[in-house]
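Visitor: To start, I am sharing the structure in question, which I have written as structure tokens.
Every number here is computed from the coordinates shown, using simple stated rules; none is lab data. Nothing here was measured: the structure is a model prediction, and the numbers come from that model. Counting neighbours? That spans all protein chains shown, and the Cβs are built from the backbone with ideal geometry, glycine included.
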Amino acid sequence: MKIHEKIIVLFLWMCSSITVLTTALIIWILVKESVAFFEHVSIIDFLTDLEWTPLFSAKKYGILPLLTGTLLCTLISIFVALPIGISIAFYLSEYAPDRLRSILKPTLEILAAIPTVVYGFFALTVVTPFLKDFIPGLNTFNAFSAGLVMGIMIIPMISSLCEDAIRAVPDSLRQASYSMGSTVFQTSFKVLLPAASSGIIVSIILAVSRALGETMIVSIAAGQQPNLTLNPFETVETITSYIVQVSMGDVPQGSIEFQTIFAAGLTLFIFTFFLNNLSHLIRRKYQEKYE
Amino acid sequence: MSQNESSISFDFTDRAKKVKLEAIGAHVYYDDNHVLKDINMIVRENTITALIGPSGCGKSTFLRLFNRMNDYIDSFQLSGQVLIDSQDIYERNVNVENLRKNVGMVFQKPNPFPKSIFENVAFGMRIRGISKKTELEGIVEDALKNAVLWDEVKDRLQKPALSLSGGQQQRLCIARVLAVKPTVLLMDEPASALDPIATAKIEELINVLKEQYTILIVTHNMQQASRISDKTAFFYQGQLIEYEATRDIFINPRKDLTERYITGRFG
């Protein structure tokens, strides 16, 4: 190999190693700061205490209120995004004529291009006031609006991944189904849905992972009040919005209050890390099946 | 027209049998591509008809006319008539789902659903709203017996269909079709992906099925055509060149082109 080619290869290698290095550094800092945090707070308290008040004078460090807030918003968003996303996927893949599809798909992807801060204000200033007419006692900041709008944001992700999974089902199965006298609907839901199920599950997992980590919408629309509740109409705080709250505030670096965000961040990271790996695992198994 | 008139002949020995399938002046186009040219053909009930010819001659397209599977190709256009039991199946009011219940199809590559053996055979009933377990069990057992697969799978009906061998999968696909009680079977090279032993089993099965079904079979295998079929139709470049009793086609073809094809000099 000539010397300038070697330099190019080295350069490309460095580019790719930057991403790996960044990830490793982030994990290292998360763990390091969390270890410092857990020298002050026992892990048992962290996991079992029902209150999260590190910024008050009576400090409590129970992650559960943040965790339920996060899960509540995520759950609502998936409930919205999943049925709509899958329906869109089947429509695009099995029903829509090619021309319509070529218009619909890019339009749908615009949803994914809207900045999340816009979604957040949309939830707070449009959706919540609208819902207040129907739901008495709805808080101005609530998990429901945030989850709803987050669901809309996630729809293109689910529909696009599901559509890929449905299209990847071999055409011979469609032919078999149609030749047995199935309608398009029966073919979609009795043959393609089960055959594409692993791909669809992967899309759900990635969507959950995305929703868990979503920050802007929940910070703006769900509120910043740690609240151990499953009532979607109340104000909650998610892990991500807590991290924003502390980062933006005047908490001194190195203090225990500051370290809480690393412990919270690590918790979130463990969740999304696990989910992403799960989806890789399922995807690998699923690809083997068709090859 | 003169060419076509001479290429149609009626098998007088078989006149007693009812006309089941009929193509009258059928032309098929894919955009500007004229893939079937003025096909006139009569197929009688409970016979096996082999469709032979080189790749791209239009025999598979012809086969798929009878269950309207060409409809899924956007550029597909048909003129002329295609009749089953004297009924034009391309008329507006024809229910395609019911048509396909009556006209089953077996594909070149076995294509069982990624479901259990039982659910594969039950599929046709399930999509027609039959879900009573006892009823399904009876039909599934009958269909598997008719496809000569029952003894091999009766102890593992809940196992995935994809765990079967290629030949078994193909017989499963035949059972799946038989379960909805069609009267016509379309087979598109059903044994070309199978080993000789599995092929022999499929051929044996086709011979038995003839008692109850009208069978059209596309094949590239001349021996297979001569072994199993009553009549043979030779297609070339979208035309039906010769359509005779199989014996006559293979022993005494009228057309030079037919003779050259069946003796393997082209195609």
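Visitor: Considering only the other residues whose Cβ falls under 15 Å of the Cβ of B:Asn207, what net charge follows from Lys and Arg at +1 and Asp and Glu at -1?
Guide: +1
Visitor: To continue, here is another question. Roughly how tilted is helix A:98-113, in degrees to the nearest 10 and between 0 and 90, from the longest Cα axis of chain A?
Guide: 10
Visitor: Suppose R0 equals 35 Å. What FRET efficiency, 1/(1 + (r/R0)^6) with r the Cβ-Cβ distance, do A:Glu5 and A:Ile26 give to the nearest 0.05?
Guide: Taking R0 as 35 Å, the efficiency between A:Glu5 and A:Ile26 is 0.60.
Visitor: Please rank A:Val246, B:Val106, fewest neighbouring Cβ atoms within 10 Å first, as an exposure proxy. Kindly include the intermediate steps, with their values, before the conclusion.
Guide: Numbers: A:Val246 18, B:Val106 26.
With the sparsest Cβ surroundings first, the list reads A:Val246, B:Val106.
Visitor: Still on this structure, I have one more. Taking 31 Å as the cut-off for C-alpha to C-alpha distance, list the pairs among B:Lys37/B:Lys210; A:Lys190/B:Lys154; A:Lys132/A:Lys190 that go past it. It would help to have the intermediate numbers written out before the result.
Guide: Working: B:Lys37/B:Lys210 29 Å; A:Lys190/B:Lys154 24 Å; A:Lys132/A:Lys190 40 Å.
Long pairs (Cα-Cα over 31 Å): A:Lys132/A:Lys190.
Visitor: Provide A:Cys162, A:Cys15, A:Cys73 in ascending order of the number of other Cβ atoms located within 10 Å of each residue's Cβ, fewest first.
Guide: The order, fewest Cβ neighbours first, is A:Cys15, A:Cys162, A:Cys73.
Visitor: Hey, another quick one. In Å³ and rounded to a whole number, note down the convex hull volume per residue for the Cα atoms of the protein assembly as shown.
Guide: 247
Visitor: What's the FRET efficiency of B:Asp248 with A:Ile282 using the Cβ-Cβ distance as r and R₀ = 60 Å, to the nearest 0.05?
Guide: Values: r = 58 Å, r/R0 = 0.97.
Working from the Cβ atoms, E equals 0.55.
Visitor: Over segment A:193-291, what is the relative contact order in percent, taking alpha-carbon pairs closer than 8 angstrom and at least six residues apart? Please list the in-between numbers first.
Guide: Values: 78 pairs, mean separation 35.5, N = 99.
About 36 percent, as a whole number.
Visitor: Can you grab the distance from the C-alpha centre of segment A:42-117 to the C-alpha centre of segment B:116-144, Å, no decimals?
Guide: 41
Visitor: Still on this structure, please answer the following. Nearest 10 degrees is fine. How inclined is helix A:143-167 to the longest principal axis of chain A, computing both from alpha carbons?
Guide: 30
Visitor: According to the Kirkwood expression over distinct Cα-Cα pairs, how big is the hydrodynamic radius of segment B:2-262, in Å?
Guide: 19.0
Visitor: Can you classify segment B:147-229 as rounded, prolate or oblate using the Cα gyration tensor, where a ≥ b ≥ c are the square roots of its eigenvalues, rounded means a/c under 1.5, and otherwise it's prolate if a/b beats b/c and oblate if not?
Guide: oblate
Visitor: Stokes-Einstein diffusion coefficient for chain A at 25 °C in a medium of 0.890 mPa s, Rh from the Kirkwood formula over Cα pairs: what value in µm²/s?
Guide: Using the Kirkwood radius from Cα pairs, D works out to 114 µm²/s.
Visitor: Give the range of the longest stretch in chain B that excludes all trypsin sites (Lys or Arg not before Pro) found in loop regions by DSSP and having at most 11 other beta-carbon atoms within 10 Å. List each step's numbers first, then the result.
Guide: On the way: sites that count: B:Arg15, B:Lys18, B:Arg92, B:Lys132, B:Arg265.
Between exposed loop sites, the widest span is B:133-264.
Visitor: What order do you get for B:Met125, A:Met153 when you list them from fewest to most C-beta neighbours inside 10 Å?
Guide: On the way: B:Met125 18, A:Met153 26.
With the fewest neighbours first, B:Met125, A:Met153 line up as B:Met125, A:Met153.
Visitor: For Cα pairs less than 8 Å apart in space and 6+ apart in sequence, what is the mean separation divided by the residue count of chain A, i.e. the relative contact order in percent?
Guide: Values: 386 pairs, mean separation 75.6, N = 291.
Taking the mean separation of contacting Cα pairs over the length of chain A, I get 26 percent.
Visitor: Scanning chain B for GluC sites (Glu not before Pro) in DSSP loops with at most 12 other Cβ atoms within 10 Å, what's the longest stretch left with none?
Guide: Of all site-free stretches, the longest is B:92-210.
Visitor: If you don't mind, there's one more thing I want to ask. Each residue of segment A:261-278 in order: what ³J(HN,Hα) in whole Hz does its phi give by Karplus 6.51 cos²θ - 1.76 cosθ + 1.60, θ = phi - 60°, with x for Gly and Pro?
Guide: 5, 6, 5, 5, x, 4, 4, 4, 4, 4, 4, 5, 4, 4, 5, 5, 5, 4
Visitor: Using a Gaussian network model on chain B with a 10 Å cutoff between Cα atoms, which of B:Met187, B:Met41, B:Met105 fluctuates the most?
Guide: Sorting by GNM fluctuation, first place goes to B:Met41.
Visitor: Still on this structure, I have one more. Quick one: what do you get for segment A:180-291 if you divide its Cα Rg by 2.2 N^0.38 Å?
Guide: Working: Rg = 20.2 Å, N = 112, 2.2 N^0.38 = 13.2 Å.
Normalised by 2.2 N^0.38 Å, the Cα Rg of segment A:180-291 equals 1.53.
Visitor: Also: Within a 10 angstrom radius of each residue's Cβ in B:92-100, how many Cβ atoms of other chains show up on average? Whole number is fine. Spell out each step's value before the answer.
Guide: On the way: counts 0, 0, 0, 1, 3, 6, 1, 1, 5.
For peptide B:92-100, the averaged partner shielding equals 2.
Visitor: Please give the calculated 222 nm ellipticity per residue for chain A, where each DSSP H segment of at least 4 residues contributes -39500 (n - 2.57) and the sum is spread over every residue; nearest 500 deg cm²/dmol?
Guide: Helices in chain A give a 222 nm mean residue ellipticity of -23000 deg cm²/dmol.
Visitor: Another question, if that's okay. Give me, ordered by chain and number, the residues 5 or more places off A:Thr53 or on other chains with an amide H under 5 Å from its own placed amide H.
Guide: Close amide H contacts, sequence-distant or interchain: A:Lys60, A:Tyr61, A:Gly62.
Visitor: Spelling out what I want: for every residue of segment A:198-208, take phi, set θ = phi - 60°, compute 6.51 cos²θ - 1.76 cosθ + 1.60 (Karplus), and round to whole Hz; glycine and proline get x.
Guide: 5, x, 5, 4, 4, 5, 5, 4, 5, 5, 4
Visitor: Under 10 Å, Cα contacts only: if you run a Gaussian network model on chain B, which one of B:Ile251, B:Ile174, B:Ile139 comes out with the highest mean-square fluctuation?
Guide: B:Ile251
Visitor: If you take the Cα atoms of segment A:109-238, find Rg, then find the Kirkwood Rh from the mean of 1/r over all pairs, what is Rg/Rh?
Guide: On the Cα set of segment A:109-238, Rg over Rh gives 1.14.
Visitor: Also, quick follow-up: Highest GNM mean-square fluctuation, chain B, Cα pairs closer than 10 Å: which of B:Ile206, B:Ile249, B:Ile24?
Guide: Looking only at B:Ile206, B:Ile249, B:Ile24, the largest GNM fluctuation is found for B:Ile24.
Visitor: Compute the FRET efficiency between A:Ile270 and A:Ser102 as 1/(1 + (r/R0)^6), taking r as their Cβ-Cβ distance and R0 = 35 Å, and round to the nearest 0.05.
Guide: 0.30
Visitor: Here's another thing I want to ask about it. Assign one of three labels to segment B:115-193, namely rounded, prolate or oblate, based on the Cα gyration tensor with a ≥ b ≥ c the square roots of its eigenvalues; rounded applies when a/c is under 1.5, prolate when it is not and a/b is larger than b/c, and oblate otherwise.
Guide: Taking the square roots of the gyration eigenvalues as a ≥ b ≥ c, segment B:115-193 is oblate.
Visitor: Enumerate the calculated ³J(HN,Hα) couplings along segment B:164-176 in order (Karplus 6.51 cos²θ - 1.76 cosθ + 1.60, θ = phi - 60°), each rounded to whole Hz, writing x wherever the residue is Gly or Pro.
Guide: Result, ordered by residue: 7, 6, x, x, 5, 4, 5, 5, 5, 5, 5, 4, 4 Hz.
Visitor: If you take each beta carbon of peptide B:109-119 and count the beta carbons of other chains within 10 angstrom, what is the mean?
Guide: Per residue, the average neighbour count from other chains is 4.
Visitor: Separate question: Could you give the angle, 0 to 90 degrees to the nearest 10, between helix B:133-146's Cα long axis and the longest principal axis of the Cα atoms of chain B?
Guide: The angle comes out at about 50 degrees.
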